[in-house]
Structure formats: C-alpha cells, structure tokens
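**Student:** First the structure, then my questions, so here it is.
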Amino acid sequence: MNIDTGHDRPRPRRMARILIGLAVVIILLSGGWLLAGNLRVDGLAYDYFVAHQGGLTVANVTIDAAAPSIPPFWSVQISGDIIAPGPSAVPYRAHMWLRVEPLSGSVALAGPG
C-alpha cells in the first residue's frame, strides 16, 4: 500500500506562489536598477569625464548616448570641448565611452568615443 502524503513533491499552488514571488523580486530589482540609472548615470559620467582631463578647462560637455547595457552597467557616450592653456587656446573635442554602475557609482572607461 502506497500512501501519498504530499511531501514528495510541491503542490502546484505552492510552486505558483514561489514563481510569482521570484517574478516580483526580479521586477523590483530591474525597476530599481533602471530608476537608479536614469537618475545617476549622467552625473557620474560627467564627473568622471571632467576629472580625467588632467586639469584642463572643459566646456560644452554633452551626454551623446546613455542606455542600459549588460546589467548592472549602463553604457554612456560623453564628449566635451577641452581647452589647453596657452596663447592659442584652441579647443578640441574629446569623446569617451564609459561603463557606469549606477548603484555603487563606479565608472570604467570602455574606450574612446
């Protein structure tokens, strides 16, 4: 005689609750990451760009593109006019392609723009 006590396998309702719970957690994490990215990546990229110009004057900084990349990173393309000191003071346009992690604030140079 084989009696099924229900302990051998999870019931469908319990499995559905677990899956719904996981889906809610994933949605909340993704939403938080997107919100943090939209609020922080521009400022983080700007600060990194200005800090890495070696003390030169920076003007007309623009975020050319910012989009979610491979989580947790955002891809940001930024550019600005760099004015070297001296009598000529001819500006040139510098470009950077950055990987920004909006929650921790870490920024890495992915390559020139």
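**Student:** Please state the relative contact order of segment 12-111 as a whole percent: Cα pairs under 8 Å, 6+ residues apart?
**Tutor:** Values: 150 pairs, mean separation 23.8, N = 100.
Relative contact order here is 24 percent.
**Student:** Quick one: which residues, 5 or more positions from Thr57 or on another chain, have an amide H under 5 Å from its amide H? H modelled 1.01 Å from N in the peptide plane, none for Pro or chain starts.
**Tutor:** Under 5 Å from the amide H of Thr57: Ile83.
**Student:** Further question: Looking at [x] 2.94; [y] 1.81; [z] 1.00, which value of Cα Rg over 2.2 N^0.38 Å comes from a calculation on the structure shown?
**Tutor:** Computed from these coordinates, Cα Rg over 2.2 N^0.38 Å corresponds to label [y].
**Student:** Which whole-Hz ³J(HN,Hα) couplings does segment 20-33 yield from phi under the Karplus relation 6.51 cos²θ - 1.76 cosθ + 1.60, θ = phi - 60°, glycine and proline marked x?
**Tutor:** 5, x, 4, 5, 5, 4, 5, 5, 5, 5, 5, x, x, 5
**Student:** Which of Val100, Val25, Val61 ends up with the largest GNM mean-square fluctuation for the chain, with Cα atoms connected below 10 Å?
**Tutor:** Its mean-square fluctuation being the largest, the pick is Val25.
**Student:** Roughly how big is segment 12-111's charge dipole about its Cα centre, with Cβ charges of +1 (Lys, Arg) and -1 (Asp, Glu), in debye to the nearest 20? If you can, show how the numbers build up before the last one.
**Tutor:** On the way: 6 positive and 5 negative charges, 138 e Å.
Result for segment 12-111 is approximately 660 debye, rounded to the nearest 20.
The numbers here are math on the coordinates, done by the rules we state, and not lab data. Keep in mind the model is a prediction, meaning the values are calculated, not measured. Don't worry about glycine lacking a Cβ; one is built from the backbone with ideal geometry, like all the others, and counts go over all protein chains shown.
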